[in-house]
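Please treat every number below as a calculation from the coordinates, not as lab data. Note that the structure is a prediction, hence the values are computed from the model and not measured. As a convention, Cβ positions derive from the backbone with ideal geometry for all residues, glycine included, and neighbour counts pool all protein chains shown.
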């Protein structure tokens, strides 16, 4: 696993803006980027980070697509990268996971993203950041990636914790988002929204690890997190990484894959407490 990432405040990022080895990557729509972004930030679209192929469109893209995406922003392996978005960390976390997948060692998360940046009085600009695209040749590490075969045969392992960060309705099976509804047997439920402080510009909550512990998600366990398409679980993966959890992976097929299989086991009903 990559080295311990850091959580940056807007004030701290502002002081680092003129550091030549720093690259800010914003993951939003192009309309949001054009309306205002942090000076120097480059854009990666959410669809650039997923394969887009049903029934599991959120799986990792082919390395050729990743080469094109990262080459287009002038990616450099030794650069300190700051990830951000406008929604509280889902897409920023998906990018953070992707950086771990390509073995990028140095990344940070702008706490609260561009909402917190603007709320703290720092400027947004509308002129696109100029970059020099170039060819890159990325390699994929499987360490941050979980597949069905990493989960199904190990559901009875006491060391394994599945973290389902969808809504409680999706978890219980009362809301169907695939051929079959419900959750992976034994999965713990903690909604990704519960990690955001709505009163403080969607920054990560201060007591995140204590909240995780209440739900049986602790650093001593082997944790695999997922949602529907590994977008919401971008935040939960990133939060665990920022907390220094040593064994955290994301199931990128997520429920769109598991729930559309005919033979994967499922449960329904309310979440179990730790």
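Put in order of Cβ neighbour count within 10 Å, fewest first, the listed residues 199, 272, 106 become 199, 272, 106. Computed from Cα atoms, the angle from the helix 232-242 axis to the main principal axis of the chain rounds to 70 degrees. In this rough spin-label picture, where each label sits 7 Å from Cα along the Cβ direction, the residue 142-residue 155 distance is 2.2 nm.
Helix 63-72 versus the longest principal axis of the chain: what angle, 0 to 90°, nearest 10, using Cα atoms? Once rounded, one gets 30 degrees. Round to the nearest 0.05 the FRET efficiency obtained for residue 273 and residue 125 when R0 = 51 Å and r is the Cβ-Cβ distance. Between residue 273 and residue 125 the formula returns 0.65.
Helical content of the chain, expressed as a calculated mean residue ellipticity at 222 nm, amounts to -7000 deg cm²/dmol (DSSP H runs of 4 or more residues, -39,500 (n - 2.57) each, divided by residue number, nearest 500). Under the rule a/c < 1.5 gives rounded, and otherwise a/b versus b/c splits prolate from oblate, where does region 46-147 land using the Cα gyration tensor? Prolate, since a/c reaches 1.5 and a/b exceeds b/c. Compared with the dominant Cα axis of the chain, that is its longest principal axis, helix 90-101 is turned about 90°.
Sorted by mean Cβ packing within 10 Å, highest first, what order do the peptides 77-84, 120-127 take?
Numbers: 77-84: 19.8, 120-127: 11.4.
Ranking the peptides 77-84, 120-127 by packing returns 77-84, 120-127.
Put in line by how crowded their Cβ is, counting other Cβ atoms within 10 Å and starting with the fewest, 129, 268, 98 read 268, 129, 98.
Quick check on region 145-258: of the DSSP beta bridges with both residues there, what percent are antiparallel, nearest 5%? Kindly include the intermediate steps, with their values, before the conclusion.
Numbers: 2 of 14 bridges.
So the antiparallel bridges amount to about 15 percent of the total.
Could you tell me what percent of the DSSP beta bridges with both partners in the chain are antiparallel, to the nearest 5? Walk me through the intermediate numbers first.
Values: 4 of 30 bridges.
Bridges in the chain that DSSP calls antiparallel: roughly 15 percent.
Ranking of 142, 167, 233 by neighbouring Cβ atoms within 10 Å, starting from the fewest: 142, 167, 233. The listed peptides 61-68, 246-253, 38-45, ordered by packing as a protection proxy, come out as 246-253, 38-45, 61-68 (highest mean of other Cβ atoms within 10 Å first). Across region 145-258, C-alpha contacts under 8 Å between residues 6 or more apart give a mean separation that, scaled by the residue count, equals a relative contact order of 32 percent. Under 17 Å from a label point 7 Å along Cα→Cβ of residue 194: give me every residue in region 224-267 with its amide N that close. Answer for region 224-267: 224-228, 232-240.
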